[in-house]
Amino acid sequence: MSDTKSGNAELGYEQARDELIEVVKGLEAGGLSLEESLALWEKGERLAKLCEQHLEGARERIEAALATVEDAPDAENTEDADGPAGEPSR
């Protein structure tokens, strides 16, 4: 196979996922020698790991964004005690 471990690291999530789909199709189609099958399987394992790393990074970014939103003061709690537009609260 022409890709290397370092070459896989440069792939974005979508490209790695698409290549993984092709690997699975190749394995399911059969007709490969044992060595070709093993090489394809190993490539699939590397691609799957790379996809997992991309997804974990995305998950961390989402959690960080949610934490920022949750830490921000709530808009309803920032109004002064008189209520909106200076009206006395009841």
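Since every read-out is calculated from the coordinates, none of them should be taken as a lab result. This one's a predicted model, so the numbers in the text were calculated from it and none came from an experiment.
If you wrap the stretch 5-71's Cα atoms in a convex hull and average its projection over all directions, what's the area in nm²? Let's see the in-between values first.
Values: hull surface 20.7 nm².
Taking a quarter of the hull surface, the average projection is 5.2 nm².
Quote to one decimal, in nm, the extra length available between residue 69 and residue 54 on full extension: 0.36 nm per residue of separation minus the C-alpha distance between them.
3.1 nm
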